[in-house]
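The values are calculated or read from the model by the stated rules, or taken from the named source; none is laboratory data. It should be emphasised that the depicted structure is a prediction, and the values quoted were computed from it without experimental measurement. Glycine also receives a Cβ, built like all others from the backbone with ideal geometry; neighbour counts cover every protein chain displayed.
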Amino acid sequence: MITLSREPVFLIDGIPQPRAPFSPAEARRGTIAASILAAHDRSEKDGALSIRFDALVSHDITYVGIIQTARASGMKEFPLPYAMTNCHNSLCAVGGTINEDDHVFGLSAAKKYGGIFVPANQSVIHSFAREELAACGNMILGSDSHTRYGALGTMGVGEGGPELVKQLLKNTYDVPAPEVILVYVTGAPKRGVGPHDVAIALVGATFSSGFLKNKILEFVGPGLASLSADFRCGIDVMTTETTCLSSIWETDGEIRRFYEIHGRPEAFHELHPAPVAYYDGMIEIDLSRVEPMIALPFHPSNAFTIREFNENAPDLLAKIEKEARELFPKTAPDLLSKYRGGKVYADQGIIAGCAGGIYENIDEAADILRGASVGDGAFSLSVYPTSVPVSLALTRNGDTAALLSAGALIKPSFCGPCFGAGDVPSNNGLSLRHTTRNFPNREGSKPGEGQFSAVALMDARSIAATAANGGVVTAATDIDYEPARRPYAFDASVYEKRVYRGFGHPQPEAPLVLGPNITDWPRFYPLPEHLFVRLAAVIRDPVTTTDELIPSGETSSYRSNPLRLSEFALSRRVPEYVGRSKAAAALDAARRAGETPAELTALLTRIGDDAVTMQNVAFGSALYANKPGDGSAREQAASCQRVLGGMANVCREYATKRYRSNCINWGILPFTIDADEPFPYEAGDVLFVPRVRALLASGEERFPARVLRADGTEAPLTLRLSGLGETEKQILLDGCLMNWYRAHAESDGEAGS
């Protein structure tokens, strides 16, 4: 089905070859990815890229903080198209007026700075970008990790908000030149197999090895001709879960039709590798061998065929229960009760978001459910089309009526089920979802309060088959149906009536409308000469997700208020973290006020170095995790730590570039330790990093530190900071991105006076 090769490969006239009489350095330039990156690169350094994007996209969890940061750093108008959608906080069910206040702020910012504003429930972020912003050969940066438009010939990158701030301030996205992996596609999918089946198989084959981390996937091959544009987009958006940096696909007549249907034929260009192209590895996907898949809790890579799952359900469900008890001691997971009479019964089906709510997914689900019934038992089915134009098409072609008649519910365009802000299952519920992630408690449960529910990812087709079978987990290939595949007709009229398009027409005199929950960032200080950081959390799980660092769901409502949001940091993983971090921050605040806190005095005495004083040392908190930052791009996973006084992360490696970048942009030192370096330390132990500022400024990558244990003993520890660019180094020295911009503005002002 899927095979991997870490060996370099040449693509010669469309055929993979292990060796060829060509220079790899020259042939590297033959990839589609290389040509697009070169067209957007402003760097003159070999091996490094400084990218300027063609457009930006954000949603209502992130755009307030981005705009607040950018205007605090001197932004006067949006220099490139910036679309702000309202698809995450559009439920408006938590926190009184604050969600709608964010939407009002977004519209006022679009008017003031010249942006594009998409009102609530009109479109999810990635649907609007596909429909209105993508263009062959372009690049889009989004403050959402699933910013992926490669199937449409657009390289999408998902990053934390500070990277969008850099673009708004006419700066660049700086990244080492990534490796490019060939994804060679053959065959054609059988009836009942959908894009999520291919995507789950791909993630399952690649994630755990780290094979694709920070690389670009380039999809080519004869199998693409068998895939519609929607099918390709459904696979492409899930490439995020492999931890790759971005993706790009060959474009053909099918993609030409996509742009024609959406009224933008000029956005299409054929994209193909050069006759000779060199890749750093290869993945082969034989679509004809892909079976309906299921990704079990608690990660999209926990992949099985539905057939394998049903054959081994008792063992697999017991394994999930065991892992859940280890993660959440207060819960009493009971998934084995779903196995009855040799079958697994689910409680809920959800088809939603940028992966599931695509037109063709829902159209085929409707064919499966025509004349069938969801039933009057525990199982329920909810369907969220990605945009109002998709909803209009489904209504006009009869799909909506078929689904409603079968007992499904049709809901507005909303990303909530994907991150726990809508359709939260019952305690011990099993939810089947065509959404992007199934991380622990991302479905909205609160394990700290004894709640537990589980999400398994499946394709819309198999979810519909399950619904037609009374909630029994069923592969779509096991039922008899014939997809009609009704052509899609895009109607842009609702966008013309409701979307505010202000790019190129800023109104500087227009006021920003700030609700009472929208607050400015607190003050952050430059990096001190020396540093004490107390471990406020030590997490030894193999991987720590951003959902664990800052929970999703109802916390999203507070993301315009840094202080209130920070109260939720690690709340569902290490509830003691907030109190510990606040205590560390209080010590440093007292030191800055001229006091001599007894605990700091004792630490200074303990290290016995007269060069380290109350005036040149700072005290903060730190997080240790083996591999933090998998999943969402949300910057708040780092900014909340910083607001609470966090000054460092220590880990074996960072799960994603975007989380490490978020740490840097918020002034958190992204330390690593070597694989063979022991870390037996616990929360409460203090790391002392002498001469941290001087070492960082000099470009040193090795930071000798001391661990001052709470029991009075100590041990040496070598921390590392490698791969920092000059700008990243200066951001850390200045204390955060905002400070760096402020220092630049002051410097530029002095230079010009």
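So, in the range 238-250, of the ones that are in contact with a Gly (Cβ under 9 Å, 6 or more places away or on another chain) and part of a helix (DSSP H, G or I), which residue ends up surrounded by the most Cβ atoms within 10 Å (Cβ to Cβ)? Going through the qualifying residues, I end up with 240. Residues in the range 210-239 that are within 19 Å of the chain's Cα centre (by Cα) and either among the aliphatic types (A, V, I, L, M) or at pLDDT below 95 (or both): 210, 211, 212, 213, 214, 216, 217, 235, 237, 238.
Candidates in the range 494-521 are the residues that are acidic (Asp, Glu) and in a loop (DSSP other than H, G, I, E, B); of these, the one that is surrounded by the fewest Cβ atoms within 10 Å (Cβ to Cβ) is 509. Note on the range 709-738: residues that are within 24 Å of the chain's Cα centre (by Cα) and charged (D, E, K, R) total 1. Checking every residue in the range 3-11 against the condition of being without any contact (Cβ under 8 Å) to a residue 60 or more places away in the chain and more than 27 Å from residue 665 (Cα to Cα) gives zero matches.
Filtering the range 561-582 to residues that are among the aliphatic types (A, V, I, L, M), assigned to a loop (DSSP other than H, G, I, E, B) and under 17 Å from residue 634 (Cα atoms) leaves 569, 570.
Take the residues in the range 120-138 that are part of a loop (DSSP other than H, G, I, E, B) and of a type in the set (A, V, I, L, M), then tell me which one is surrounded by the fewest Cβ atoms within 10 Å (Cβ to Cβ). Filtering the range 120-138 for residues that are part of a loop (DSSP other than H, G, I, E, B) and of a type in the set (A, V, I, L, M), the one surrounded by the fewest Cβ atoms within 10 Å (Cβ to Cβ) comes out as 135.
Would the range 604-625 turn up any residue that is under 22 Å from the mean Cα position of the chain (by Cα), within 27 Å of residue 238 (Cβ to Cβ) and touching a residue at least 24 places away in the same chain (Cβ under 8 Å)? Yes. Looking at residue 208, is it in contact (Cβ under 8 Å) with a residue 24 or more places away in the chain, farther than 24 Å from residue 390 by Cβ, of a type in the set (Gly, Ala, Ser) and crowded, with 24+ Cβ neighbours inside 10 Å? In short, no. Taken over the range 251-269, the residue count meeting the criterion of being outside any helix (DSSP H, G or I), touching a residue at least 60 places away in the same chain (Cβ under 8 Å) and under 19 Å from residue 226 (Cβ atoms) is 1. Within the range 287-301, being closer than 18 Å to residue 418 by Cα and of a type in the set (S, T, N, Q) holds for one residue alone: 301.
Taking the stated definitions as given, is residue 624 in the same structural domain as residue 588 (by TED's automatic domain parsing), crowded, with 24+ Cβ neighbours inside 10 Å and assigned to a helix (DSSP H, G or I)? No, not satisfied. Scanning the range 39-71 for residues that are small (Gly, Ala, Ser) and under 25 Å from the mean Cα position of the chain (by Cα) returns 48, 50, 55, 58, 65, 70. Residues that are touching a Cys at 6+ places or on another chain (Cβ under 9 Å), at pLDDT 95 or above and either of a type in the set (S, T, N, Q) or not in a loop (DSSP other than H, G, I, E, B) (or both): does the range 318-339 have at least one? Taking every residue of the range 318-339 in turn, none turns out to be touching a Cys at 6+ places or on another chain (Cβ under 9 Å), at pLDDT 95 or above and either of a type in the set (S, T, N, Q) or not in a loop (DSSP other than H, G, I, E, B) (or both). If I ask for residues that are surrounded by fewer than 23 Cβ atoms within 10 Å (Cβ to Cβ) and closer than 29 Å to residue 203 by Cα, which ones from the range 251-267 would you list? Listed by number, the residues that qualify are 252, 253, 254, 256, 257, 259.
Figure legend. Inter-residue proximity from the range 89-112: first residues within 13 Å of residue 556 (Cβ to Cβ), second residues at pLDDT below 80 and surrounded by fewer than 18 Cβ atoms within 10 Å (Cβ to Cβ), beta-carbon distance below 7 Å, spacing 6+ or different chains. Indicated pairs: 94/554; 99/92. A single member of 462, 431 is buried (at least 22 other Cβ atoms within 10 Å of the Cβ), under 23 Å from residue 88 (Cβ atoms) and among the small types (Gly, Ala, Ser), and it is 431. For the range 97-118, the set of residues classified as assigned to a loop (DSSP other than H, G, I, E, B) and surrounded by fewer than 20 Cβ atoms within 10 Å (Cβ to Cβ) consists of 97 only.
Taken over the range 560-576, the criterion of being within 22 Å of residue 327 (Cβ to Cβ) and among the hydroxyl-bearing types (Ser, Thr, Tyr) is satisfied by 571 alone. Applying the criterion of being basic (Lys, Arg) and buried (at least 20 other Cβ atoms within 10 Å of the Cβ) to the residues of the range 563-579, the residue that is modelled with the lowest pLDDT is 572.
Results for (1) surrounded by fewer than 22 Cβ atoms within 10 Å (Cβ to Cβ); (2) touching a Gly at 6+ places or on another chain (Cβ under 7 Å), shown as yes or no for each residue.
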position	(1), (2)
278	no, yes
302	no, no
311	yes, no
344	no, no
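Restricting 610, 588 to those that are surrounded by 19 or more Cβ atoms within 10 Å (Cβ to Cβ), of a type in the set (Asp, Glu) and over 28 Å from residue 242 (Cβ atoms) reduces the list to 588.
Considering 203, 220, 198, which residue is among the aliphatic types (A, V, I, L, M), buried (at least 19 other Cβ atoms within 10 Å of the Cβ) and under 23 Å from residue 652 (Cβ atoms)? Testing whether each residue is among the aliphatic types (A, V, I, L, M), buried (at least 19 other Cβ atoms within 10 Å of the Cβ) and under 23 Å from residue 652 (Cβ atoms) leaves just 203. The one condition from (1) surrounded by fewer than 18 Cβ atoms within 10 Å (Cβ to Cβ); (2) closer than 21 Å to residue 101 by Cα; (3) of a type in the set (S, T, N, Q) that residue 601 does not meet is (2).
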